Structure formats: structure tokens, C-alpha cells
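First the structure, in the form of C-alpha cells, and then the observations on it.
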Amino acid sequence: MVLKMKENYDVAIVGAGTAGTYLAWLLGKQNHSVLLIDKDAKEKVGNRLDIIHFETDRVQKAGIPPFKPGDPDCIEIRDHSKVVTPDLSTEITTQAFQTIVRLSPFLQKMYKELEKEGVLLKFKSTFKELIFENDKIVGIKAEIDGKLTDIRARLVVDASGTSGIIRTGLPKDYGVETFKLGPNDVMYVLLQYIRWKNPEKPHPTKDTSHIYYLLWFGPSHTEDSAILGIGQPGSYENARLAREDFLNKVDLPPYEIYKEEKGFTPYRRPPYSLVSDGFLCIGDAAAITYPFSGHGVTATWMLDMIAAEVINDALNTEGYIN
Ligand SMILES: Cc1cc2nc3c(=O)[nH]c(=O)nc-3n(C[C@H](O)[C@H](O)[C@H](O)COP(=O)(O)OP(=O)(O)OC[C@H]3O[C@@H](n4cnc5c(N)ncnc54)[C@H](O)[C@@H]3O)c2cc1C
């Protein structure tokens, strides 16, 4: 089905990461007309992280097509992990249901699901500014297919990630806080994809957390590899120093680093309100992450499910922002 661009939508969502994509899917299934735009090319969205972990129970609640280990977007589904005490003396096995996902193939799979639900996706399309009428948001101006275009929407959703490009530019009295994320509002995360040189020798099992150091050995591509991750507030340098401190204390067997990634994830309270007239913010744009793990994906999905119900009621109410 080839969908054509219209001038009016029920919902315009800015940002086709995990937050915007999931909400678009829910609203598309409810037969609302939805436009989802992203400034990046389709194949580039989600490339900033390779492997990402989702909480399996929340994936199931979210109702998305199930993950199958061996598919391009799913490495494995795990049921336990280990936590090490601060003095490094004791390992405790905990029940932890995690789905180990490859982010980019997952998003590409979801884009196909969105198209089936009639959602219009526009990539290389950038939000520019809000359109107001009588002091209320009634749409967005965006550069779409290289052209500055006015799009009217009954609801505009900011799912633009840590920049919160729409939320942070709202009028101060619009009802949603406009703070930007500063260095002490985020966790700077360094990831090293490592391969044990002698995998037969004892080494930290994958999915072992040193919570005291905010450091973990996460599952990676293969059995003989792991992701050595660390997060610290303030700066990447803080994270690097904390990792150095940890590595000076433990005696790890030799390994090689075959890939590195870094990024930051919100680590502060979300705005007191995520909604205002014709506006909603979700995902990193709304600083929604689980407090201990810093995981953001399913944290937002659980809120998206509630939001989709409320949006459905509002859009089916005569007179709601037309
Ligand atoms: C190193 C690291 C590891 C992590 N690991 C995990 C994990 O294992 N599990 C987990 O749940 N979470 C993890 N997180 C957090 C998780 O990645 C985020 O919470 C989640 O990806 C946020 O999704 P989002 O859709 O809100 O934002 P994003 O994925 O950032 O998507 C926002 C999109 O908006 C687009 N955009 C921005 N501005 C504009 C504009 N002006 N116009 C149009 N489009 C625009 C961007 O191109 C982008 O594609 C990790 C974070 C980091 C940094």
C-alpha cells in the first residue's frame, strides 16, 4: 500500500525511535491517521546502539510481535542474571527476564508493522517549529521531502529523544516543563564489546552486574563475547575513570575489544506533566527511564499504552482540538 502525504492528521509524531514507533503502532491499530517523521534516513535510525536489552514481561504486555531467538532482531531471551557484592566476594543469581535485541533490525521490522496499520512514515524529515492557533498547538512545520510543509494535527507528540526538541521549546506557560538535560541529568554510558581470548578460562558470566560500580557484563553477539558497560553522571571521563578503578581491582582474563559505543541516557525525574493542549512528550524527550537500570524502552511503552487509551478517547470526542 502506498500512502500519500495529507495536510491533516489526527496525530503527528516527531521521532521514529522506540518511543515514537510504538505509540504510532498503537494509534494506527486504533485507526487514527498518524504521521511519523524522523530526521534520519530509514536505515540509519537506531544505528547508534547495536544490542539493547528489553524487559521480557513488558515486551509481552506491550503486545508487539513476539521476538524469536535467531531472528535478525533477537539474540536471545534470558531468565536470570548475576549481581556481585561491592567487595567482589559474592555473586548472587537473580531472576531477570531479559530479551536481548538488535535495535536497528527491530525498528526496521516495526516500520513494516506500522505500514500495515496505515501509519505514514517520513524519513529525512525534520521538525522545524510548532503551529499555534488561539495559543493552542494545532500542528507542526517540518521539512518533508526537502520542502517546508505545514501539517495540521489534533495531537503533536515529541518523541525526539534526549534533545526534546519540541518540549524544550514550548512556551513557558504551556503546562509542560521545558528543562534541557544537563550533564548531571544524564548517565554517560561507555560500552566495550569484548571477546575473551581464552573463553575456556573462568571469566565473568554474561549478564553480571556490579551495581556498586554501575558496571556490567552484558550479553553480546556470541557465547565468547560480552558487553562491558559502565554508566556515570557528569561526563564520559567520569565513566572512563570509574571503569579504570574497577579494572584495577579485579583480575580479568585477557580479552580484546572489537567494538565501542557510547551515549547518554536521562537520569532525572520526568516533567511533572507530559501533556498539555494538543501536546504529549514521551521517551527520552520526557526523561522516562527506569531509575536503577537506566533502561528507557519498555518504561515508555508502558506509559504509551495508557496514553493510547486516553488519546483514543480524546480523538473520538467531538470538538477536541480540530
Ligand atoms: C549506551 C546506552 C545503552 C542503553 N541501553 C538500554 C537498554 O539496554 N535497554 C533500554 O531499555 N534502554 C537502554 N538505553 C536507553 C534507550 O536507548 C533510550 O531510552 C531509548 O532508545 C529512547 O528512545 P526514544 O525513541 O525516546 O529516543 P531515540 O531513540 O533517541 O529516538 C529519537 C528520534 O528522534 C529523531 N529526531 C530528533 N530530532 C528530530 C527532529 N528535529 N525532527 C525529526 N526527528 C528528530 C532522531 O533522529 C531519533 O531517531 C540505553 C541508552 C544508552 C545511551
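The values are calculated or read from the model by the stated rules, or taken from the named source; none is laboratory data. Since the structure is predicted, the reported quantities are computational estimates derived from the model, not experimental observations. Cβ atoms come from the backbone with ideal geometry, glycine included; neighbour counts cover every protein chain shown.
Filtering the range 154-173 to residues that are crowded, with 23+ Cβ neighbours inside 10 Å and more than 10 Å from the ligand (Cβ to nearest atom) leaves 155, 156, 157, 167. Whether any residue in the range 161-171 is outside the structural domain of residue 231 (by TED's automatic domain parsing) and more than 17 Å from residue 130 (Cβ to Cβ) is what I want to check. Yes, the range 161-171 contains a residue that is outside the structural domain of residue 231 (by TED's automatic domain parsing) and more than 17 Å from residue 130 (Cβ to Cβ). Residues in the range 20-56 that are closer than 22 Å to residue 141 by Cα, in a loop (DSSP other than H, G, I, E, B) and either more than 8 Å from the ligand (Cβ to nearest atom) or in contact with a helix residue (DSSP H, G or I) (Cβ under 7 Å, 6 or more places away or on another chain) (or both): 32, 33, 41, 42, 45. Of the residues making up the range 118-171, those that are of a type in the set (Gly, Ala, Ser) and touching a helix residue (DSSP H, G or I) at 6+ places or on another chain (Cβ under 7 Å) are 118, 159, 160, 161, 164. Selection of the range 124-140 for residues being surrounded by fewer than 18 Cβ atoms within 10 Å (Cβ to Cβ) and within 13 Å of residue 35 (Cα to Cα) yields only 126. Of all residues in the range 116-135, those that are in the same structural domain as residue 31 (by TED's automatic domain parsing) have Cβ atoms under 7 Å from Cβ atoms of residues that are among the β-branched types (Val, Ile, Thr) and assigned to a loop (DSSP other than H, G, I, E, B), 6 or more apart or on another chain, in 127/165; 127/166; 130/166. Residues in the range 67-95 that are assigned to a strand (DSSP E or B) and of a type in the set (S, T, N, Q): 81, 93, 94, 95. Within the range 222-258, the set of residues being within 26 Å of residue 181 (Cβ to Cβ) and part of a strand (DSSP E or B) comprises 227, 228, 229, 230, 231, 232, 233. Within the option set 223, 256, 237, 260, being surrounded by fewer than 17 Cβ atoms within 10 Å (Cβ to Cβ), within 13 Å of the ligand (Cβ to nearest atom) and not assigned by TED's automatic domain parsing to the domain that holds residue 293 holds for one residue only, 260. Only one of the numbered conditions (1) part of a loop (DSSP other than H, G, I, E, B); (2) crowded, with 19+ Cβ neighbours inside 10 Å; (3) near the ligand (Cβ under 7 Å from one of its atoms) is not met by residue 288, and that is (3).
Checked against (1) within 14 Å of the ligand (Cβ to nearest atom); (2) of a type outside the set (Gly, Ala, Ser); (3) over 15 Å from the mean Cα position of the chain (by Cα); (4) modelled with pLDDT of 95 or more, residue 68 passes all but a single condition, namely (1). When residue 193 is tested against (1) farther than 22 Å from residue 91 by Cα; (2) surrounded by fewer than 18 Cβ atoms within 10 Å (Cβ to Cβ); (3) modelled with pLDDT of 95 or more, exactly one condition is not met: (2).
Being farther than 18 Å from residue 115 by Cα and crowded, with 18+ Cβ neighbours inside 10 Å holds for only one residue in 73, 57, 38, and it is 73. Among residues that are modelled with pLDDT under 95 and more than 25 Å from residue 90 (Cβ to Cβ), residue 238 is not included. Taking the stated definitions as given, is residue 129 within 21 Å of residue 278 (Cα to Cα) and of a type in the set (Asp, Glu)? Yes.
Being within 14 Å of the ligand (Cβ to nearest atom), assigned by TED's automatic domain parsing to the domain that holds residue 237 and within 20 Å of the chain's Cα centre (by Cα) holds for only one residue in 110, 187, and it is 187.
Residues are listed down the side, and each one gets a yes or a no for (1) surrounded by fewer than 17 Cβ atoms within 10 Å (Cβ to Cβ); (2) modelled with pLDDT of 95 or more:
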{"residue": "43", "(1), (2)": "yes, no"}
{"residue": "90", "(1), (2)": "yes, no"}
{"residue": "94", "(1), (2)": "yes, no"}
{"residue": "110", "(1), (2)": "no, yes"}
{"residue": "116", "(1), (2)": "yes, yes"}
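Scanning the range 291-322 for residues that are of a type in the set (A, V, I, L, M) and near the ligand (Cβ under 9 Å from one of its atoms) yields a count of 2.
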